[in-house]
Amino acid sequence: MNKRGNTPSGTAGQRGEAGMDANEPGKQQGAATLPAKHKTHHAHPRPPFDRIALLLQGGGALGAYQGGVYQALSEADLQPDWIAGISIGAINSALIAGNPPERRVDALRTFWETITASPFSLPAFADIPIKGEVSRGIINQLAAFGNLLAGAPAFFKPRVPPPFAQPQGSPEALSYYDISPLRATLERLVDFDRINAGPMRFSVGAVNVRTGNFVYFDTTTHHIRAEHIMASGALPPGFPAVEIDGEHYWDGGLVSNTPLQWVLDSRPRVDTLAFQVDLWCAQGEFPSDLTEVDERTKDIRYSSRTRAATDIARREEKLRTAVSHMLAHVPEHLRDSDEVRLLAEEAQDRALNIIQMIYHAKRYEGAAKDYEFSRRSMLEHWRTGYHDAVRTLRHPEVLRRHQPLGRVYVFDLANHGRE
């Protein structure tokens, strides 16, 4: 993908319908189209921050939204210095960090086009319009059922024989799907030597099955391999635990579905511009049936840690500011003590902008939205992420280093403003 927004050949790279300018904002593009560059979307100079972080949450099939967000950031020349992900966010992170900047969007697109091909080798028909939420909901449920039965190409496949027919205690008896296809896909699309040697810091989170402890595999402490990415997305009981150096790991989303706290707690504390891409919306309507209860439960479970991490960051910055003011009144003879020096290190003010982009699911997507890997839904998610990021970047204040320091400035597209 070059900076002019040209798309590669293929179904998902086609332009809008005949007689329609796909570049023009507000125009409806064809259903099988990924977005071209907006006329009002342009590159930005490097924002005045020491670090740009891209934080990608877990959410299965909803992860195509993150591909669209990254496409917009890439076109705007807002390349991250640190990328951190959980679950599907870990996979997207690897595709970004494991490719040079000019090939990252293509790598993401290749992955998402591959895994959203029909598992039954049927045409996707993603460009055929479907009217009405009821009809679309039925199509989505059928697609999700197909993924449950047959898996997703180059990602996961059902176990044959199924786990209940496998020897008790064997790895095959502990999950419904085999994720060996994902390893092959990652090794084909990701340059792990680049991840481990590159200038971009890389982190993915997983949970140790034996201890229950949350672990980050980070390029500052680990040599990243395909199994680290697979471990971060090994959500039970669908996917098996992944063994790494004698320990087994499950999906990091079991403990925390966002890597925000990991990035904010890093040392040294530097001015940070963080793009946090959430795939689950905390706010929603009261459910009216058991299916909606299931969906609402997922939304709350996987978005809660995002809100908690942001709230903690705000409180910590306020405390650091208070300590900084108090240190000015410490008597001279105490300023060289170990305790005061420790407080002074923690009290250093920094600029911190958190730009949230949250996917708001359509009513017809339902509880299966995280495992409905159809081409049609993937394209919708990708386009939504792209347009959300473009609209966000049209507000120049999100990239400014605000005063006073020592505050957390949170920008949320859903709220259309700064918190």
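When the accessible area of the stretch 298-379 is computed with all protein chains present and a 1.4 Å probe, what percentage of it is carbon and sulfur?
Carbon and sulfur together cover 56 percent of it.
Checking the a/c ratio against 1.5 first, then a/b against b/c, what shape does the Cα gyration tensor give for the stretch 110-222?
It comes out oblate by the Cα gyration axes.
In deg cm²/dmol, rounded to 500, what helix-only [θ] at 222 nm does the chain give when every DSSP H run of at least 4 residues adds -39500 (n - 2.57) and the total is split over its residues?
-11000 deg cm²/dmol
Sorted from largest to smallest, which semi-axis lengths in Å does the alpha carbon gyration tensor of the stretch 226-305 give for its equivalent ellipsoid, taking the root of 5 times each eigenvalue?
The equivalent ellipsoid of the stretch 226-305 has semi-axes of 27, 22, 8 Å.
Working with all protein chains in place, sort Phe155, Phe214 by solvent-accessible area computed with a 1.4 Å probe, largest first.
The residues order as Phe214, Phe155, largest area first.
Using a 1.4 angstrom probe and counting only protein chains, how large is the accessible area of Asp299 in Å², to 10?
Approximately 20 Å² of Asp299 is accessible to the 1.4 Å probe.
Using the Cβ atoms and a cut-off under 12 Å, what net charge is assigned to the surroundings of Glu339, where Lys and Arg are +1 and Asp and Glu are -1?
Summing Lys and Arg as +1 and Asp and Glu as -1 gives -2.
Taking a probe of 1.4 Å, how large is the accessible area per residue of the chain, in Å²?
46 Å²
Rounded to two decimal places and with Rh computed the Kirkwood way over Cα pairs, what is Rg over Rh for the stretch 242-354?
Rounded to two decimals, Rg over Rh is 1.15.
At a probe size of 1.4 Å, how large is the accessible area of Arg51, to the nearest 10 Å²?
The accessible area comes out at roughly 30 Å².
For Ile244, enumerate residues with amide H under 5 Å from its amide H, sequence gap 5+ or separate chain, H modeled in the peptide plane.
Result for Ile244 returns Tyr249.
Take the Cα pairs of the stretch 244-283, get the Kirkwood Rh, then feed it into Stokes-Einstein at 4 °C and 1.567 mPa s and tell me D in µm²/s.
Translational D for this selection: 100 µm²/s.
Roughly how many percent of the accessible protein surface of the stretch 71-227 is carbon and sulfur, given a 1.4 Å probe and a whole-percent answer?
59 percent
Charges only on Cβ, +1 for Lys and Arg, -1 for Asp and Glu: so what's the dipole of the chain about the Cα centre, in debye to the nearest 20?
960 debye
Hey, what's the Cα Rg ratio for the chain versus the globular rule of thumb, 2.2 N^0.38 Å?
Cα Rg divided by the expected 2.2 N^0.38 Å: 1.01.
Just want the answer: with Cβ charges of +1 for Lys and Arg and -1 for Asp and Glu, which residue in Leu189, Ser175, Pro47 is farthest toward the dipole's positive end in the chain?
Farthest towards the positive end: Pro47.
Would you tally the net charge around Leu264, using a Cβ to Cβ cut-off of less than 11 Å, leaving Leu264 out, and scoring K and R as +1, D and E as -1?
+2
What residue among Ile52, Ile88, Ile130 shows peak mean-square fluctuation when the chain is described by a Gaussian network model with Cα springs under 10 Å?
Ile130
The values are calculated or read from the model by the stated rules, or taken from the named source; none is laboratory data. Remember, predicted model here, so these are calculated numbers, not experimental data. A quick note on method: Cβ atoms are made from the backbone with ideal geometry, for glycine too, and the neighbour counts reach across all protein chains shown. Keep in mind that these areas ignore ligands, DNA and RNA; they rest on the heavy atoms of the full protein, side chains included. Shrake-Rupley method; radii C 1.70, N 1.55, O 1.52, S 1.80 Å.
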